[in-house]
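Next up is a structure, given as structure tokens.
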Amino acid sequence: DTGVSQNPRHKITKRGQNVTFRCDPISEHNRLYWYRQTLGQGPEFLTYFQNEAQLEKSRLLSDRFSAERPKGSFSTLEIQRTEQGDSAMYLCASSSGQRVGAFFGQGTRLTVV
Amino acid sequence: GDSVTQMEGPVTLSEEAFLTINCTYTATGYPSLFWYVQYPGEGLQLLLKATKADDKGSNKGFEATYRKETTSFHLEKGSVQVSDSAVYFCALSDRGSQGNLIFGKGTKLSVKP
């Protein structure tokens with residue numbers, strides 16, 4: 001197991017287009033998280049899955065954002081009708097428990113032009 | 001709501017100097033506390049953690065002690081190396097949460113030879 005894997009690493013898209021990112025967590029981890037990180041800031045929580053159930057969503061996750069985790073394995077994060085303000089690093093993390101900390105992928109850097 | 005406050009950076013030190021990065025938190029419960037490190041071009045890595053008051057987390061020569069009375073979790077290292085140059089993030093996970101992390105803004109450390 002090589003850790004949390006995210007694809008693509010970089011994505012440049014035109015405003016108004018839809019984009020989808022993929023995250024493959026550490027295989028034995030049932031908890032999966034998405035975060036967004038902008039320049040000079042710490043990561044901000046977006047959403048949380050336990051197995052296939054999406055149990056928590058941040059107010060940062062507008063209606064244009066949707067996340068899935070079919071069969072409790074990999075997860076996808078889709079952004080519809082992208083805006084320039086969506087430009088950020090999108091991070092995925094997985095964990096085996098509530099208080100053990102999470103392991104992060106290298107992120108997908110999104111640039112909306 | 002819960003929050004984490006870190007000392008502003010950047011911090012520039014000479015090799016073998018003593019490092020302290022201050023971190024204080026606000027939380028309604030008894031959170032777990034973490035330090036993450038992000039080396040240039042890499043993803044976030046869990047550096048150390050503490051889950052209850054007076055616990056000391058340690059790893060790679062770094063230490064931090066969970067101080068409930070001062071709501072602090074300061075990161076220290078006795079002798080920094082050039083390879084420690086990175087951005088350091090303090091984070092908490094509240095007991096009542098699903099394990100999602102609340103991060104500080106990060107502190108950039110540069111170590112000069």
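Could you identify which residue out of A:LEU55, A:LEU46, A:LEU91 has the top mean-square fluctuation in a GNM of chain A using Cα springs shorter than 10 Å?
Highest fluctuation among the options: A:LEU55.
List the residues, sorted by chain then number, that are 5 or more residues from A:LEU46 or on another chain and whose placed amide H is less than 5 Å from its amide H.
Here A:TRP34, A:TYR35, A:ARG36 satisfy the definition.
Another one. Which order do the peptides B:22-34, A:77-89 come out in when sorted by mean C-beta neighbours inside 10 angstrom, highest first?
Values: B:22-34: 19.4, A:77-89: 16.2.
In descending order of packing, they fall as B:22-34, A:77-89.
Where is the GNM fluctuation largest for chain A (alpha-carbon springs, 10 angstrom cutoff): A:ARG31, A:ARG99, A:ARG64?
Of the options given, A:ARG99 has the highest mean-square fluctuation.
Across peptide A:86-99, what mean number of C-beta atoms from other chains lies inside 10 Å of a residue's C-beta? Can you show the working numbers first?
On the way: counts 0, 0, 0, 1, 0, 2, 1, 6, 0, 6, 1, 2, 9, 12.
Across A:86-99, the average partner-chain Cβ count within 10 Å equals 3.
Partner chain Cβ atoms within 10 Å, averaged over the residues of A:2-8 - can you pull that number for me? Mind dumping the intermediate values first?
On the way: counts 0, 2, 2, 0, 1, 0, 0.
That average works out to 1.
What FRET efficiency comes out for B:THR28 versus A:GLN41 if R0 is 22 angstrom and r is the Cβ-Cβ distance? Round to the nearest 0.05.
Numbers: r = 23 Å, r/R0 = 1.04.
Working from the Cβ atoms, E equals 0.45.
Over the Cα atoms of chain A, what Rg and Dmax result, in angstrom?
13.2, 39
If Lys and Arg each add +1 and Asp and Glu each add -1, what is the summed charge of the other residues whose beta carbon sits under 9 Å from the beta carbon of B:ALA53?
Details: positive: B:LYS52, B:ARG67, B:LYS68; negative: B:ASP54, B:ASP55, B:GLU69.
Cβ neighbours under 9 Å give a net charge of 0.
Which of B:GLY96, B:GLY41, B:GLY78 moves most in a GNM of chain B, Cα contacts under 10 Å?
Maximum among the listed residues: B:GLY41.
Here's something else I'd like to know. Where Lys and Arg each count +1 and Asp and Glu each count -1, what net charge lies around A:GLY42 among other residues with Cβ under 14 Å from its Cβ?
0
Averaging sequence separations of C-alpha pairs under 8 Å and six or more residues apart, then dividing by the length of chain A, give the relative contact order as a whole percent. Mind showing how you got there, number by number?
Working: 284 pairs, mean separation 41.8, N = 113.
Computed value for chain A: 37 percent relative contact order.
Obtain the nm distance between the two label points defined at A:THR76 and A:ASN51 by a simple spin-label model: each point lies 7 Å from its Cα along the Cα-to-C-beta direction.
Taking the simple label geometry, A:THR76 and A:ASN51 are separated by 2.2 nm.
Which residue, chosen from B:SER72, B:ALA50, B:GLY29, occupies the Cα position most advanced towards the positive end of the dipole of chain B, where the dipole is computed from +1 (Lys, Arg) and -1 (Asp, Glu) charges on Cβ about the Cα centre?
Ranked along the dipole, the leading option is B:GLY29.
Across peptide B:91-99, how many C-beta atoms of other chains are within 10 Å of each residue C-beta, on average?
On the way: counts 4, 0, 6, 2, 2, 1, 5, 10, 14.
Partner-chain Cβ atoms within 10 Å, mean over residues of B:91-99: 5.
So how strong a dipole does segment A:46-113 carry about its Cα centre when Lys and Arg Cβ are +1 and Asp and Glu Cβ are -1, to the nearest 20 debye?
Numbers: 8 positive and 7 negative charges, 29 e Å.
The calculation lands at about 140 debye.
Under 16 Å from the 7 Å Cα→Cβ point of B:LEU13, by amide nitrogen: which residues of segment B:42-86?
Only B:47-48, B:58-65, B:73-86 fall inside the zone, counting backbone N under 16 Å.
For B:THR70 and A:ASN7, FRET efficiency with R0 = 41 Å and r from the beta-carbon atoms, rounded to 0.05?
Details: r = 43 Å, r/R0 = 1.04.
With R0 = 41 Å, the Cβ-Cβ based efficiency is 0.45.
Another question about this same structure. Got the relative contact order for segment B:45-89 handy, in percent, Cα pairs under 8 Å and 6 or more residues apart? Can you show the working numbers first?
Working: 53 pairs, mean separation 10.9, N = 45.
Reported relative contact order: 24 percent.
Here's a follow-up. Could you derive backbone 3J(HN,Hα) for segment B:23-35 from the dihedral phi with the Karplus parameters 6.51, -1.76 and 1.60 (θ = phi - 60°), listing whole Hz in sequence and x where the residue is Gly or Pro?
Working through the residues one at a time gives 9, 10, 9, 10, 8, 7, x, 10, x, 8, 10, 9, 10 Hz.
If you don't mind, there's one more thing I want to ask. Normalised by the number of residues in chain B, what is the relative contact order in percent for Cα pairs under 8 Å and 6+ residues apart? All intermediate terms of the calculation are to be shown ahead of the outcome.
On the way: 297 pairs, mean separation 41.5, N = 113.
Once normalised by length, the contact order is 37 percent.
Laboratory data are not the source of any read-out in this text; all were calculated from the coordinates shown. Fair warning: this is a prediction, and the values are worked out from it, not measured in the lab. Don't worry about glycine lacking a Cβ; one is built from the backbone with ideal geometry, like all the others, and counts go over all protein chains shown.
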